Amino acid sequence: MDNMPVDYKYLLNLLEKDKKPRRRFTDEEILELLRQRAYTATELAELLDYCEQRMRKILKQLPVVRVQSGRRVYYVAEDVWKKP
């Protein structure tokens, strides 16, 4: 993943920070970044897999509860979640 464009390194670095990013990217901006790089399907799948792995690692460090509803999975802050 070292050969990723700088824009993607910036996006992924935002995930690692423990504070909210100063700027949130819109779906359109993210799609435009993807178009500029013109990823192949395999490269895109690898990038998404990498992002998912990073998010799981970050979520393990946060006080969140994993809640599954059918096929969907949600992560809720522990202080908000009220166990049934």
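The values are calculated or read from the model by the stated rules, or taken from the named source; none is laboratory data. The model shown is predicted, which means the values in this text are computed figures rather than measured ones. In this analysis, Cβ positions are derived from the backbone assuming ideal geometry, glycine residues included, and neighbour counts consider all displayed protein chains.
Do we find that L14 is within 22 Å of Y74 (Cβ to Cβ), modelled with pLDDT under 75 and either assigned to a helix (DSSP H, G or I) or out of contact with any strand residue (DSSP E or B) (no Cβ under 7 Å at 6 or more places or on another chain) (or both) in this structure? Yes: the conditions hold for L14.
How many residues are assigned to a loop (DSSP other than H, G, I, E, B), at negative phi and either surrounded by 10 or more Cβ atoms within 10 Å (Cβ to Cβ) or not aliphatic (A, V, I, L, M) (or both) when one looks only at segment 35-84?
Step one: list which residues in segment 35-84 are assigned to a loop (DSSP other than H, G, I, E, B), which gives 38-40, 62-63, 70-71, 78-84.
Filter again for at negative phi, leaving 39-40, 62-63, 71, 78-84.
Now drop any that are not either surrounded by 10 or more Cβ atoms within 10 Å (Cβ to Cβ) or not aliphatic (A, V, I, L, M) (or both), which leaves 39-40, 62-63, 71, 78-79, 81-84.
Going through segment 35-84 one residue at a time, the tally reaches 11.
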